[in-house]
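*Asks:* Got a structure here, written out as structure tokens. Questions coming.
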Amino acid sequence: MVEPIYQSTKLQREKWIKEASFNLFNLKSEQVVIDLLTDSGTGAMSDRQWAAMMLGDESYAGASSYYNLKEAVKNITGFDYFLPTHQGRAAENVLFSVLVKEGDIVPGNSHFDTTKGHIEFRKAKAVDCTVDISADTTTWHPFKGNVDLEKLENVLKANPAEKISCIIVTVTNNTAGGQPVSMSNIREVGKLSKKYGVKFIIDSARFAENAYFIKIREEGYADKDIRDIAREMFSYADGMTMSSKKDAIVNMGGFIGFRDEELFRKASTFNIIYEGFLTYGGMSGRDMNALAQGLYEGTELQYLESRISQVALLGTKMKEYGIPVLQPFGGHAIFLNALEFLPNIPREEFPAQALAIELYTEGGVRAVEIGALMADRDPETRQNRYPELELVRLAVPRRVYTDNHIEYVAASVRNVFERRAHINRGVKITWEAPIMRHFTIALEKL
Ligand SMILES: Cc1ncc(COP(=O)(O)O)c(C=O)c1O
């Protein structure tokens, strides 16, 4: 699909971002030149996906599209039971309606914001057990998304199994910079989950990119097929949630995979209430067909090589220009280290948001803050939470931009970097929602 790219001037962008209350989510797409806000639902579908859409079966119950998707889910993930949902957070909502109760604990590697939102909304606690090295932005480590097994076991030891809803491992670890989780780490988490009688769920949005990193970085996997690697990853878990808008390269869709029929049955009731009947769950037949096809395309080695190397091209350019970025480069995005990029801005003035605003006004490049705004307030103390890292994420949509566009983005970041000494003030909050505030926040420039 070919789409227009909208040109604009710096003066126009300064006016638009002010009108948007300095929240990049409030910008209209035509006010953006290159949109790296997210890689979620922004990919371009293939000829085969569009063709599959034409064959969508829109029957309420038992549509052939549902069975196509069921077969693809089984082939790619190995899970026998599955429920379609309209996107990843809907999968979380349905599954957590069964698993998460008030006062529970949900350990894992860094929970994604909607995952954490669903946990905290139920008055349960997400405990981040990511390896410490993930906060080190420069040391090369092949699997910075890993769970620290000792931290996890301490949580499992300190709490009765009925207080722990499940363990959630997010692959790749988006919040920690799109960093992969190794197969051996997933296997060990699986062992701990069995030892302590707690369910193990994989948040699988970028499972194929994770499988690719296992193939190229973990001993013993170089000659294995991406799909075999993915199936092995899932074989250690009791279930999965999926935002199909990432590695299944569709614009909308999600699902839950289950090993256990009983959990599937319990979740089915919630799926009907929140999403739709079991054989469509918030998706049209044509969307399920596109998703089934996308699961196969997203796990093709050639596609993954080209995607991940395009992301790395952006990272390499950043390094060439001396710009502080998280390393190794993430699978879906490059993360700018805002604390080093704009050291003059105090954390209370949200340096990563300030950097994202500068980058937008400079070149019309829309990125997203992954820092204190996204970290929200502590639900008990209501104080701002300051995560170790304050990042700006440049997420690359799948099969959308050319390397030329990537070079344009790199030049825009470089221009901001060259005048960084003159950027000394950030933003202050003028309005915020009680939870997941970054989506709708209103800000003022200081
Ligand atoms: C790791 C992870 N989990 C869950 C989600 C939520 O998925 P969705 O946006 O489809 O609701 C996302 C979305 O960005 C994600 O990155």
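*Asks:* Please determine, by comparing only the residues of segment 220-240 that are under 11 Å from Val171 (Cβ atoms) and in contact with a Gly (Cβ under 7 Å, 6 or more places away or on another chain), which one is surrounded by the most Cβ atoms within 10 Å (Cβ to Cβ).
*Replies:* Met240
*Asks:* Within segment 335-358, which residues are assigned to a helix (DSSP H, G or I) and surrounded by 24 or more Cβ atoms within 10 Å (Cβ to Cβ)?
*Replies:* Across segment 335-358, the qualifying residues are Ala338, Phe341, Pro351, Ala352, Gln353, Ala354, Leu355, Ala356, Ile357.
*Asks:* Considering only residues that are within 16 Å of the ligand (Cβ to nearest atom) and hydrophobic (A, V, I, L, M, F, W, C), look in segment 162-180 and name the one that is surrounded by the fewest Cβ atoms within 10 Å (Cβ to Cβ).
*Replies:* Cys166
*Asks:* Also, I was wondering about something else. Condition first: in contact with a Lys or Arg (Cβ under 7 Å, 6 or more places away or on another chain), surrounded by fewer than 24 Cβ atoms within 10 Å (Cβ to Cβ) and either of a type in the set (D, E, K, R) or not in a helix (DSSP H, G or I) (or both). Can you find one or more residues in segment 181-203 that meet it?
*Replies:* no
Residue-wise test of (1) surrounded by 22 or more Cβ atoms within 10 Å (Cβ to Cβ); (2) more than 23 Å from Val250 (Cβ to Cβ).
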{"position": "Thr42", "(1), (2)": "no, no"}
{"position": "Ala51", "(1), (2)": "no, no"}
{"position": "Asp57", "(1), (2)": "no, no"}
{"position": "Ser64", "(1), (2)": "no, no"}
{"position": "Pro84", "(1), (2)": "yes, no"}
{"position": "Leu95", "(1), (2)": "yes, no"}
{"position": "Gly103", "(1), (2)": "no, yes"}
{"position": "Gly108", "(1), (2)": "yes, yes"}
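*Asks:* Identify the residue in segment 373-407 that is hydroxyl-bearing (Ser, Thr, Tyr) and either buried (at least 17 other Cβ atoms within 10 Å of the Cβ) or without any contact (Cβ under 8 Å) to a residue 12 or more places away in the chain (or both) and, among all such residues, is nearest to Phe112 (Cα to Cα).
*Replies:* Thr381
*Asks:* Same structure again: Looking only at segment 194-213, how many residues end up being of a type outside the set (Phe, Trp, Tyr) and farther than 18 Å from Tyr296 by Cα?
*Replies:* 8
*Asks:* Can I ask one more? Can you tell me which residues in segment 282-310 are buried (at least 24 other Cβ atoms within 10 Å of the Cβ) and over 19 Å from Gly88 (Cα atoms)?
*Replies:* Arg307
*Asks:* For segment 271-303, which residues satisfy the criterion of being without any contact (Cβ under 8 Å) to a residue 24 or more places away in the chain and touching a Leu at 6+ places or on another chain (Cβ under 9 Å)?
*Replies:* Ile272
*Asks:* Please tell me if Glu219 is free of Cβ contacts under 8 Å to residues at least 24 places away in the same chain, more than 14 Å from the ligand (Cβ to nearest atom) and out of contact with any Pro (no Cβ under 9 Å at 6 or more places or on another chain).
*Replies:* Criteria met by Glu219.
*Asks:* Now, a different point. Taking Leu95, is it farther than 30 Å from Asn154 by Cα and either more than 15 Å from the ligand (Cβ to nearest atom) or in a helix (DSSP H, G or I) (or both)?
*Replies:* No, not satisfied.
*Asks:* Restricting the search to segment 16-40, which residues are surrounded by 12 or more Cβ atoms within 10 Å (Cβ to Cβ) and of a type in the set (Lys, Arg)?
*Replies:* The one that is surrounded by 12 or more Cβ atoms within 10 Å (Cβ to Cβ) and of a type in the set (Lys, Arg): Lys18.
*Asks:* Could you tell me how many of the residues in segment 105-130 are more than 11 Å from the ligand (Cβ to nearest atom), closer than 14 Å to Thr241 by Cβ and not in a strand (DSSP E or B)?
*Replies:* Looking only at that region, the number is 1.
Values in this text are rule-based calculations from the coordinates and carry no lab data. These figures come from a predicted structure and were not determined experimentally. For neighbour counting, all protein chains shown are included, and Cβ atoms are generated from backbone atoms with ideal geometry for every residue, glycine included.
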